[in-house]
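Q: Let me begin by handing over the structure; questions about it come next.
The values are calculated or read from the model by the stated rules, or taken from the named source; none is laboratory data. Just so we're clear, the structure is a prediction, and the values are computed from it rather than from any experiment. We place every Cβ from the backbone using ideal geometry, glycine too, and count neighbours over all the protein chains shown. SASA here: full protein model, heavy atoms, side chains in, ligands and nucleic acids out. Shrake-Rupley method; radii C 1.70, N 1.55, O 1.52, S 1.80 Å.
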Amino acid sequence: MSRYTEAAEACLRSEAQALLDLIPQLDDGFDRAVGLILECSGKLIITGVGKSGHIGAKIAATMSSTGTPSFFMPALDAFHGDLGVVREDDVVLAISNSGQTDELLRFIPLLRQRGIPVIGMSGNPSSLLAKYSDAHLNVAVSREADPNGLAPTSSTTATLAMGDALACALVEARHFCPEDFARNHPGGSLGRRLLTTAADVMRSEDLPVVVPETSLPQVVGRMSEGRLGLAVVVTAGRRVAGIITDGDIRRAMERLRADFFDATAADIMSAAPQCVTPESKVADIQELLYRRKIHAVLVTGAAGELLGIVDNFALEL
């Protein structure tokens with residue numbers, strides 16, 4: 001191991017230990033902070049200066065995506081007009097590793113005068129920030145992870161982790177579920193899987209459809225044209241009667257041998273294919289395909305009529 005990887009390992013171990021050391025620092029202040037945010041009918045406004053500000057911006061993004069409307073406001077901007085966005089029904093989370101940052105402390109009295117609850121997050125439970133906060137989150141670390149013990153490393157990691165812990169507690173309290181998360185992430189893969197429906201991705205044109213009387217050689221030809229590895233057997237009104245897959249064809253050839261060419265779709269079709277509605281979520285369809293070890297499902301209407309087909313390729317969002 002080189003001295004560089006040794007330094008990297010030491011850094012990671014130090015930061016990992018800093019996170020573990022946060023656990024015994026969780027106290028009633030954490031519960032009060034959660035309560036203040038839950039009771040808030042407005043927004044959670046997060047503020048900080050320097051590195052604490054960078055961490056605060058990330059925490060604000062996490063909060064907003066997990067059900068707590070939030071945004072980051074640099075403490076200095078509060079003195080130049082941005083204080084106007086803060087309302088009496090908001091809560092402010094103020095972050096400072098020392099708890100003594102002058103620019104932040106000058107901001108606190110303005111909030112208290114307006115009766116706005118303040119949650120302080122610092123590495124010093126005896127700081128002025130802790131003293132004048134309605135709830136305080138202790139993110140103290142024994143030392144920074146850099147070789148000189150000076151650069152904000154373990155302290156910023158601890159602050160970020162405490163923000164995540166607060167967000168997770170709020171997720172639990174709000175019963176925030178994956179569907180809620182997806183509504184806040186419509187552009188992400190999770191959002192697409194949880195919000196996209198079968199109607200959005202199904203193939204609905206030139207479907208490989210046959211009737212029960214179709215001969216098996218014709219079925220094979222229709223399957224080849226459809227390029228989905230299956231054929232759907234329908235009756236009047238395109239009501240689904242069954243499905244034939246490549247596997248069904250192979251098994252029929254082995255079983256029927258010379259009689260294969262005289263058989264019809266009705267002789268070998270599976271009469272209970274997996275069907276979903278147009279409103280079925282893509283995430284549920286993926287789980288169904290995996291559980292049943294199949295590669296496609298049929299999309300049917302209220303009367304059992306074939307509307308489309310969704311296969312694995314259509315689900316590659």
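Q: Suppose the filter is over 19 Å from the mean Cα position of the chain (by Cα) and open to solvent by less than 10 Å² (accessible area, probe 1.4 Å); does residue 73 pass it?
A: Working: over 19 Å from the mean Cα position of the chain (by Cα): yes; open to solvent by less than 10 Å² (accessible area, probe 1.4 Å): yes.
Judged against the criteria, residue 73 is a match.
Q: Right, here's the next one. If you scan the range 105-126, which residues turn out to be over 21 Å from residue 155 (Cβ atoms) and open to solvent by 10 Å² or more (accessible area, probe 1.4 Å)? Don't jump to the end; show me each part of the working.
A: Applying the first criterion (over 21 Å from residue 155 (Cβ atoms)) to the range 105-126 yields 106, 109-117.
Residues satisfying the conditions are 106, 109, 110, 112, 113, 114, 115, 117.
Matching residues to (1) at pLDDT 95 or above; (2) in a helix (DSSP H, G or I); (3) basic (Lys, Arg); (4) open to solvent by 60 Å² or more (accessible area, probe 1.4 Å):
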{"residue": "5", "(1), (2), (3), (4)": "no, yes, no, yes"}
{"residue": "8", "(1), (2), (3), (4)": "no, yes, no, no"}
{"residue": "17", "(1), (2), (3), (4)": "yes, yes, no, yes"}
{"residue": "20", "(1), (2), (3), (4)": "yes, yes, no, yes"}
{"residue": "24", "(1), (2), (3), (4)": "yes, yes, no, yes"}
{"residue": "31", "(1), (2), (3), (4)": "yes, yes, no, yes"}
{"residue": "41", "(1), (2), (3), (4)": "no, no, no, yes"}
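Q: Could you figure out which of (1) aliphatic (A, V, I, L, M); (2) open to solvent by 50 Å² or more (accessible area, probe 1.4 Å); (3) in a helix (DSSP H, G or I); (4) modelled with pLDDT under 90 isn't true of residue 314?
A: For residue 314, the failing item is (2).
Q: Specify which of the listed residues (102, 134) is open to solvent by 40 Å² or more (accessible area, probe 1.4 Å) and modelled with pLDDT of 95 or more.
A: Numbers: 102 fails: modelled with pLDDT of 95 or more.
The conditions single out 134.
Q: What is the number of the single condition among (1) of a type outside the set (Ser, Thr, Tyr); (2) touching a Gly at 6+ places or on another chain (Cβ under 7 Å); (3) open to solvent by 20 Å² or more (accessible area, probe 1.4 Å); (4) touching a residue at least 40 places away in the same chain (Cβ under 8 Å) that residue 59 does not meet?
A: Unmet for residue 59, out of (1) of a type outside the set (Ser, Thr, Tyr); (2) touching a Gly at 6+ places or on another chain (Cβ under 7 Å); (3) open to solvent by 20 Å² or more (accessible area, probe 1.4 Å); (4) touching a residue at least 40 places away in the same chain (Cβ under 8 Å): (3).
Q: Cβ-Cβ under 7 Å, sequence separation 6+ or interchain: first residue in the range 111-137 and on the phi > 0 side of the Ramachandran plot, partner open to solvent by 20 Å² or more (accessible area, probe 1.4 Å). Which pairs?
A: Going by the 7 Å Cβ cut-off, the qualifying pairs are 115/88.
Q: Tally the residues that are aliphatic (A, V, I, L, M), under 20 Å from residue 45 (Cβ atoms) and surrounded by fewer than 23 Cβ atoms within 10 Å (Cβ to Cβ), restricting the search to the range 137-165.
A: The total comes to 2.
Q: Another question, then. Among the residues of the range 222-268, which ones are closer than 25 Å to residue 314 by Cβ, in contact with a helix residue (DSSP H, G or I) (Cβ under 9 Å, 6 or more places away or on another chain) and free of Cβ contacts under 8 Å to residues at least 24 places away in the same chain?
A: Result: 246, 248.
Q: Is there a residue in the range 283-297 that is assigned to a loop (DSSP other than H, G, I, E, B), under 12 Å from residue 234 (Cα atoms) and touching a residue at least 12 places away in the same chain (Cβ under 8 Å)?
A: Kept after step one, since they are assigned to a loop (DSSP other than H, G, I, E, B), are these residues of the range 283-297: 293-295.
Applying the additional criterion that residues be under 12 Å from residue 234 (Cα atoms) yields none.
Among the residues of the range 283-297, not one is assigned to a loop (DSSP other than H, G, I, E, B), under 12 Å from residue 234 (Cα atoms) and touching a residue at least 12 places away in the same chain (Cβ under 8 Å), which makes the answer no.
Q: Still on this structure, I have one more. Within the range 110-126, work out how many residues are part of a loop (DSSP other than H, G, I, E, B) and in contact with a helix residue (DSSP H, G or I) (Cβ under 8 Å, 6 or more places away or on another chain). Give the steps one after another, and end with the answer.
A: Filtering the range 110-126 for residues part of a loop (DSSP other than H, G, I, E, B) gives 114-117, 123-126.
Right, trim to in contact with a helix residue (DSSP H, G or I) (Cβ under 8 Å, 6 or more places away or on another chain) and you get 117, 123-124.
Here the count works out to 3.
Q: Right, something else. Among the residues of the range 138-146, is there at least one that is touching a helix residue (DSSP H, G or I) at 6+ places or on another chain (Cβ under 9 Å) and modelled with pLDDT under 90? Walk me through it before giving the result.
A: Of the residues in the range 138-146, the ones touching a helix residue (DSSP H, G or I) at 6+ places or on another chain (Cβ under 9 Å) are 138-146.
Pick out the ones that are also modelled with pLDDT under 90 and you get 146.
Taking every residue of the range 138-146 in turn, at least one turns out to be touching a helix residue (DSSP H, G or I) at 6+ places or on another chain (Cβ under 9 Å) and modelled with pLDDT under 90.
Q: Out of the residues in the range 196-210 that are outside any strand (DSSP E or B) and surrounded by 15 or more Cβ atoms within 10 Å (Cβ to Cβ), which is modelled with the lowest pLDDT? Full working, then the answer.
A: First, the residues of the range 196-210 that are outside any strand (DSSP E or B): 196, 198-202, 204-208.
Pick out the ones that are also surrounded by 15 or more Cβ atoms within 10 Å (Cβ to Cβ) and you get 196, 198-199, 201-202, 207-208.
Numbers: 196: 83, 198: 92, 199: 93, 201: 91, 202: 94, 207: 95, 208: 96.
This residue is 196.
Q: Go through the range 212-229 and give me each residue that's open to solvent by 70 Å² or more (accessible area, probe 1.4 Å) and within 26 Å of residue 278 (Cα to Cα). Working first, answer last.
A: Taking the range 212-229 first, the residues open to solvent by 70 Å² or more (accessible area, probe 1.4 Å) are 213, 218, 224-225, 227.
Scanning the range 212-229 gives 224, 225, 227.
Q: Filter the range 262-299 down to residues that are open to solvent by 60 Å² or more (accessible area, probe 1.4 Å), over 24 Å from residue 205 (Cβ atoms) and touching a strand residue (DSSP E or B) at 6+ places or on another chain (Cβ under 7 Å), then give me how many there are.
A: Qualifying residue count for the region: 1.
Q: For residue 129, state whether it is assigned to a strand (DSSP E or B), open to solvent by less than 10 Å² (accessible area, probe 1.4 Å) and within 17 Å of residue 95 (Cβ to Cβ). Show your work before the answer.
A: Details: assigned to a strand (DSSP E or B): no; open to solvent by less than 10 Å² (accessible area, probe 1.4 Å): yes; within 17 Å of residue 95 (Cβ to Cβ): yes.
In short, no.
Q: Just name the residue that is farthest from residue 304 (Cα to Cα) out of those in the range 230-254 that are small (Gly, Ala, Ser), open to solvent by less than 20 Å² (accessible area, probe 1.4 Å) and touching a Pro at 6+ places or on another chain (Cβ under 8 Å). Spell out how you get there, then give the answer.
A: Applying the first criterion (small (Gly, Ala, Ser)) to the range 230-254 yields 231, 236-237, 241-242, 247, 252.
When the remaining residues are screened for being open to solvent by less than 20 Å² (accessible area, probe 1.4 Å), the result is 231, 242, 247, 252.
Next cut, touching a Pro at 6+ places or on another chain (Cβ under 8 Å) only: 231, 242.
Details: 231: 16, 242: 11 Å.
The residue in question is 231.
Q: Let me spell it out: the conditions are (1) touching a strand residue (DSSP E or B) at 6+ places or on another chain (Cβ under 7 Å); (2) open to solvent by 20 Å² or more (accessible area, probe 1.4 Å), and residue 90 meets all of them except one. Which number is the exception?
A: Unmet condition: (2).
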